[in-house]
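The values are calculated or read from the model by the stated rules, or taken from the named source; none is laboratory data. Every value quoted in this text rests on a predicted model; they were computed, and no experiment measured them. Glycine gets a Cβ as well: all are built from the backbone with ideal geometry, and neighbour counts include every protein chain shown. Heads up: the accessible areas ignore ligands, DNA and RNA and are worked out on the full protein's heavy atoms, side chains in. Shrake-Rupley method; radii C 1.70, N 1.55, O 1.52, S 1.80 Å.
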Amino acid sequence: MEGVEHRTVEVNGIKMHVAEKGEGPVVLFLHGFPELWYAWRHQILALSALGYRAVAPDLRGYGDTDAPASVSSYTILHLVADVVALIDSLGVDQVFLVAHDWGAIVGWYTCLFRPDRIKAYVCLSVPFMPRNPKVKTVDAMRALYGDDYYICRFQEPGKVEALYGNNKIEEVIKNMLTSRRPGPPILPKEGVGSNPLASGSLPSRPLPSWLSQEDVTYYASKFAKTGLTGGLNYYRNLNLNWELTAAWTGVQVKVPVKFITGDLDIVYTSLGTKDYIESGAFKRDVPYLEEVVVQEGVAHFNNQEAAEDVSNHIYNFIKKF
């Protein structure tokens with residue numbers, strides 16, 4: 001990661017750690033759970049070498065960025081406000097946005113609330129999820145998959161943290177990043193099941209070629225300091241976000257978009273996502289959706305697993321603008 005500069009900026013009342021490299025139009029990268037700016041290490045190097053200023057923060061609650069104690073400090077309004085304030089701090093009017101997992105959700109709402117700040121959006125893994133005015137988000141997930149669905153299990157503060165304490169952080173990170181089981185992650189109360197977060201539930205597997213022990217150690221070193229609570233608090237605000245975003249029910253996202261996912265991705269293979277994309281509903285909600293890429297044999301963390309392919313897709317899309 002030679003040449004990557006690190007600094008701290010004040011955004012929306014918190015101190016945010018930012019990694020950046022390169023000069024030119026800004027490409028802003030938003031990571032997911034359980035990740036950090038480091039998830040974009042390959043794209044930072046690739047895009048900065050192609051004439052862009054690659055900027056990747058640790059999001060609120062992660063890594064070297066502040067982690068407010070209150071669960072309610074992690075609503076989608078806080079998260080989008082952080083992003084807009086970060087864009088302001090960069091001294092530019094607009095950025096190219098690239099985001100994955102929870103970062104992708106923040107990315108969608110940034111495009112929905114402030115399309116004037118986004119030139120184009122490359123979204124990984126999580127498509128736009130239109131608000132259903134009849135049922136709250138977590139309630140709908142519980143009705144579909146039961147109490148043991150991982151997002152339902154994440155709701156009670158402290159419960160998951162107690163199961164997967166800091167002494168197990170490295171194993172949890174490794175299991176999550178390397179899981180290749182498609183479909184809805186289930187996390188039964190005894191702590192085993194299809195969710196890779198279930199420490200000890202999976203046989204120790206060798207690291208894939210795209211993830212080194214050094215990578216795992218870096219993630220683990222940061223989460224050992226912060227714990228998982230900051231990231232889990234995003235999930236704990238899903239129902240509150242449903243209330244807060246009521247005024248945007250049915251509003252389209254009017255930003256140019258390219259969507260990239262793997263065919264083994266846990267989101268693509270659950271929650272009706274594949275049908276939502278293929279039926280045309282995704283295009284209805286995001287009228288400027290230009291392309292959907294489904295990477296064969298690739299799982300959830302495609303920005304790391306298929307790093308070069310993802311970097312090429314990003315560049316080939318944003319160079320048009």
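Considering only Cα-Cα distances, which of the following residue pairs are longer than 27 Å: Lys189/Lys283; Lys136/Lys254; Lys254/Lys320?
Working: Lys189/Lys283 38 Å; Lys136/Lys254 24 Å; Lys254/Lys320 17 Å.
Distance filter (> 27 Å) returns Lys189/Lys283.
Return one whole number: the accessible area per residue of the range 1-95 in Å², for a 1.4 Å probe. Could you put the intermediate results ahead of the total?
On the way: 3290 Å² over 95 residues.
Solvent-accessible surface per residue comes out at 35 Å².
How big is the antiparallel share of DSSP beta bridges in the chain, given as a percent to the nearest 5? It would help to have the intermediate numbers written out before the result.
Details: 12 of 35 bridges.
DSSP beta bridges in the chain are roughly 35 percent antiparallel.
Modelled label-to-label distance, Ser72 and Asp263, 7 Å Cα→beta-carbon offset: nm?
Spacing of the two 7 Å Cα→Cβ label points: 4.7 nm.
Mind running the shape call on the range 84-173? Use the C-alpha gyration tensor, a ≥ b ≥ c as the square roots of the eigenvalues: rounded below 1.5 for a/c, prolate if a/b tops b/c, oblate otherwise. Don't skip to the end; give the middle numbers.
Numbers: a/c = 2.75, a/b = 1.51, b/c = 1.82.
Oblate shape, in that a/c is at least 1.5 and b/c is the bigger or equal ratio.
What shape does the range 219-321 take by its C-alpha gyration tensor, where a ≥ b ≥ c are the square roots of the eigenvalues and a/c under 1.5 counts as rounded, a/b above b/c as prolate, and the rest as oblate? Working shown, then result.
Details: a/c = 1.68, a/b = 1.09, b/c = 1.54.
Here the range 219-321 falls in the oblate category.
Packing-wise, with mean Cβ within 10 Å as the measure, how do 261-270, 18-27 rank, highest first?
Values: 261-270: 21.6, 18-27: 19.8.
In decreasing order of mean packing, 261-270, 18-27 become 261-270, 18-27.
Given points 7 Å out from each Cα along the Cα-Cβ axis, report the Glu243 to Ala85 separation in nanometres with one decimal.
So the two model labels end up 2.3 nm from each other.
Modelling each spin label as a point 7 Å along the Cα-to-Cβ direction, I'd like the Glu23/Glu278 distance in nm, to one decimal.
Calculated label separation equals 4.9 nm.
Residues of the range 213-321: accessible area per residue at 1.4 Å, in Å²? Intermediate values should be presented prior to the final figure.
Details: 4580 Å² over 109 residues.
Here the residues of the range 213-321 average 42 Å² of exposed surface.
Taking the alpha-carbon centroid of each part, what is the distance from the range 252-266 to the range 121-161 in angstrom?
Comparing the Cα centres of the range 252-266 and the range 121-161, I get a distance of 18 Å.
Zone of Val92 (label point 7 Å along Cα→Cβ, backbone N under 14 Å): which residues in the range 107-137?
Under cut-off, by backbone N: 117-122.
Given the -39500 (n - 2.57) contribution per DSSP H run of 4+ residues, what per-residue ellipticity at 222 nm results for the chain, rounded to the nearest 500 deg cm²/dmol? Mind showing how you got there, number by number?
Details: 14 runs with 118 residues, N = 321.
Here the helix-only value at 222 nm equals -10000 deg cm²/dmol.
Which order do the peptides 288-298, 36-46 take when ranked by the mean count of other beta-carbon atoms within 10 Å per residue, highest first?
On the way: 288-298: 15.3, 36-46: 23.1.
Top to bottom by mean Cβ count within 10 Å: 36-46, 288-298.
Hey, any idea what % of the chain's accessible area is carbon plus sulfur with a 1.4 Å probe?
Numbers: 6520 of 12670 Å².
C and S fraction of accessible area: 51 percent.
Would the chain count as rounded, prolate or oblate if I go by the C-alpha gyration tensor, calling it rounded below 1.5 in a/c and otherwise prolate when a/b exceeds b/c, oblate otherwise?
Working: a/c = 1.29, a/b = 1.13, b/c = 1.15.
Note, shape of the chain comes out rounded.
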